[in-house]
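As structure tokens, the structure follows; a few thoughts come after it.
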Amino acid sequence: MTTVSWGDMWRVFGKIGLMRFGGPAAQIAVMHRELVEERPWLDEESFLRGLSFCMLLPGPEAMQLCTYTGWRLRGFGGGLLAGLLFVLPGALVIALLVWLYAPFGTLPAVQSAFLGIKAAGVVIVLQALWRLSNKALKRRQDWGLAGFGFVALFAFGLPFPAVVLAPGSLVCGADRVARQYRTSRRLKRPPPPTPTSAPATRCGRLRSGAGSGCCRSSCSVVWAPDFWPRSAGSLPNWRWLPLAAPMRCWPI
């Protein structure tokens, strides 16, 4: 994470405060573009982790996320500055619009302008939702949990804490079961054979000597000569050679 100067903090978070139209989804998308995409101030993982944490807290998540990012960049003072710049510029813009709407709100031109602003706000929200979903939802399981949360909140009216805790508990339980299964598979796996010891055989008996082999089928080891004598004129040495278990033994 790069060190950000106070001048850049004033400029960037003031811009975010002036552009916070369209509700929380659009505001979060603006912060993602300004803090992650256009400037290397935060990485994708830190931003999404902070967004998930702020979604669990009561209150407006966009303002909490802005305060959190300011705290990550410049500590307590950065969080205070980011929170104030998120609120004050937007409040001044809203106050100006209210002051203009009070005497001129009944004019047809003004009503048409506000109708166009509403349509633009819907487009901004849809675009922000699409961009955030592509960043946060990367697997099929993520899309499934997001669909479950949407149906639970808007179709059945379930409380938000229950919707958050139910998938979390399900994912934690599935992860625990998967880890236990991998551990049991690893414990049941037979240990590798020791290379220094002679491998066991199912043949029952072996016959040594030149040209001899296993006496029965389904054996896994045979006698084989060592074709690299230790000294000139010495006879070949016999040793164990582990071979793949054949269905039938051939004499050497």
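The Kirkwood hydrodynamic radius of segment 139-189, based on inverse pair distances between different Cα atoms, is 12.6 Å.
A cut-off under 12 angstrom between Cβ atoms defines the neighbours of Glu34, and their net charge, with Lys, Arg +1 and Asp, Glu -1, is +2. Computed from backbone phi with θ = phi - 60° and the Karplus coefficients 6.51, -1.76 and 1.60, the 3J(HN,Hα) list for segment 96-110 is 5, 5, 5, 5, 7, 6, 4, x, 10, x, 7, 6, x, 5, 5 Hz; x is used for glycine and proline. Among the trypsin sites (Lys or Arg not before Pro) within segment 110-186, those in coil by DSSP and having at most 12 neighbouring Cβ atoms inside 10 Å are Lys138, Arg139. The residues neighbouring Arg49, those whose beta-carbon lies less than 11 Å from its own, together hold a net charge of -2 under the Lys/Arg +1, Asp/Glu -1 convention. Legend: Rg and Dmax of segment 6-136, from Cα coordinates, 16.0, 49 Å. Residues Phe47, Phe160, Phe86, arranged from fewest to most other Cβ atoms within 10 angstrom of their Cβ, appear as Phe160, Phe47, Phe86.
Taken together, the values in this text are just the output of simple stated rules run on the coordinates, not laboratory data. Worth saying up front: this structure is predicted, and the values here are computed from it rather than measured. With ideal geometry, Cβ positions are generated from the backbone for all residues, glycine too; neighbour counts draw on all protein chains shown.
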